[in-house]
1. For I95, what accessible surface area do you get with a 1.4 Å probe? Give it in Å², rounded to 10.
2. First select every other residue whose beta carbon is under 10 angstrom from the beta carbon of T165; then total the charges, Lys and Arg +1, Asp and Glu -1.
3. At 1.4 Å probe size, with every protein chain present, just tell me what the per residue accessible area of the chain comes to in Å².
4. Over all directions, the average projected area of the alpha-carbon convex hull for the range 320-450 comes to how many nm²?
5. Taking the Cα centre of each part, how many Å lie between the range 245-311 and the range 315-337?
6. Can you give the local net charge around E403? Use residues other than it whose beta-carbon is closer than 13 angstrom to its beta-carbon, Lys and Arg +1, Asp and Glu -1.
7. If you take the Cα Rg of the chain and divide it by 2.2 N^0.38 Å, with N the number of residues, what do you get?
8. What is the sum of charges around F115, taking Lys and Arg as +1, Asp and Glu as -1, for the other residues whose C-beta is under 9 Å from the C-beta of F115?
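The values are calculated or read from the model by the stated rules, or taken from the named source; none is laboratory data. Quick caveat, the model's predicted, so the values are computed rather than measured. Neighbour counts are summed over all protein chains in view; Cβ atoms, including those assigned to glycine, are modelled from backbone coordinates with ideal geometry. Please note that ligands, DNA and RNA were not included when accessible areas were found on the heavy atoms of the full protein model with its side chains. Shrake-Rupley method; radii C 1.70, N 1.55, O 1.52, S 1.80 Å.
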Amino acid sequence: MRPRLLVAADPTLPRQAPPGSEAVVVGAGVAGVSAATILAERGVAVTLVEAAATLGGRLGAWPHTLPDGTEQVVEHGFHAFFRHYYTWRDVLRRIDPGLGFLRPVKGYPVISRRFPPEDLGRLPAAPPLNLLALFARSSSLTVADLLGADVALGTELLTFDRARTPEVLDTMSAGDFLAGLRVSDRAREMLFEAFARSFFCDPDGLSAAELVAMFHFYFLGNPAGIGFDAPRTDHLHAIWAPLAEYLRARGATIRTGCALRSLRPDGPGWALTLDDGATRTTRHVVLALDPGGLRAVVGASPELTGVAPRLAAQTAGLTTAPPFVVSRVWLAADVDPGRAVFNAVSGEPTLDSVTVYSRLEEPSAQWARETGGCVLELHSYACTEPDAAVERMLGELAALWPETAGTAQVHRVDRVDATAPAFPPGSAGARPGVRTDARGVRVAGDFVEAPLVCGLMERAAVTGVLAAADVLAELGTQGVDVYGVPQRGLLAGLPARARHRAVGPRAAT
Ligand SMILES: Cc1cc2nc3c(=O)[nH]c(=O)nc-3n(C[C@H](O)[C@H](O)[C@H](O)COP(=O)(O)OP(=O)(O)OC[C@H]3O[C@@H](n4cnc5c(N)ncnc54)[C@H](O)[C@@H]3O)c2cc1C
């Protein structure tokens, strides 16, 4: 199944922006760099402003010296590059047209102490075959599960519709939705909860409508399959250094270690106050910040909120997910040869995933070859007690993979952050969109309302590219084609009466 063209550029418009066009993009994560890339290619003089010392935001990476003197690059965390990330992959093709820097990651097991592993990576790519295969091959979802399941709620998974699903399910939490499905503990834990937690939220703090949308985007509506790729080497060398070079070669100025404090209207444009005291005036601004960063900037900009009450209200309502914890651990001995590269973990209070980095990327593999050890990365999402999280994750890992229990740690780098967006029940339609009521100011990022269903890095890239397209539209310049998955579920045409009977009253409570 081919990706669908969902936003089409006007081919009658010129591809290059008028001479003298310029824009400021603030935030150099996936969203900001995607926006800057499109603008720079079209002849817009781009200034990219980033608060951190390095590019990449939550996909960022930075050099780190181990106690033995080895230079390694530590990342914000393992990332799966799914094959239906059409827009993000298109941006990445600028630095590697064949995407040879990505390699397939075999398997996608969900592991647990209570139940045998479930490997989602073995499923066929295209819907509905993937669904049929899930029933046929899954050890966690059986015919017995289907007999006891709530048909109306189950149908909601197959009848996703961008307009209707939030209307029916947004006030319900993903936790209530999963409990209401009435599948076995095993199916709930191994298939649905593991999936829900990868959006950095506890199921009780996640809207059921968002869960169903993501289930559609990643699984039921995904023609490319749930298999994914990851870079052969670290994100700094694979992605951010080449993208920075690409941007500079097209005239972009990149300013790292420089935060935007506030902005205010200034004639037809905007005056941006940076934390080095400098002020920069421009008509076209793309704010590609994390949700907390955007809230802080808009909150510090009273004159902006005066002219853009909708953006002010939408931004004030943004919430950040609970902290996530990432621990990179260098161990003195390897884990069992049968361990998969990436493992989602279910049923543990703290540990949500474990990645064997020394079987994933070359710098870690080389360290492991030279020392006989291994490099692991442990993640905890929506972590309620981040201070004690790393020790707990290691304990939970030892219970799952006993060979790690007595193994000496050579080195460890831990990080706690709270920059992921939350999608709580009742929040649909309340987030800012790319275009704002502050004309000239666009917003991009993985929490921004997009005109098509997409998630995480792809949502960041889509909104970044669409923010650039909006700047180009104002400059009378051709926009960008954007592709996506089918926007409705397999059974979205089902008569409404059958669905509403059981779902309506529950959603309202
Ligand atoms: C551990 C972990 C694992 C993940 N795994 C996956 C995965 O497997 N697949 C997937 O698709 N996604 C994954 N994600 C999510 C993915 O990283 C994000 O969706 C994506 O990177 C968001 O990009 P962004 O540009 O919207 O935001 P960010 O990356 O947060 O970028 C925002 C940038 O704005 C900068 N900024 C903030 N305030 C200011 C200011 N005032 N002035 C200047 N700059 C500012 C920040 O420093 C940051 O660089 C993961 C995230 C984490 C943390």
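1. For I95, solvent-accessible area is about 40 Å².
2. Details: positive: R162, R164, R488; negative: E156, D161, E167, D170, E210.
Value of the local net charge: -2.
3. 38 Å²
4. Numbers: hull surface 42.2 nm².
Answer in nm², one decimal: 10.5.
5. The two parts, judged by their Cα centres, are 29 Å apart.
6. Details: positive: R339; negative: D334, D336.
With Lys, Arg at +1 and Asp, Glu at -1, the neighbours total -1.
7. Values: Rg = 22.8 Å, N = 509, 2.2 N^0.38 = 23.5 Å.
After normalising by residue count via 2.2 N^0.38 Å, the value is 0.97.
8. Cβ neighbours under 9 Å give a net charge of 0.
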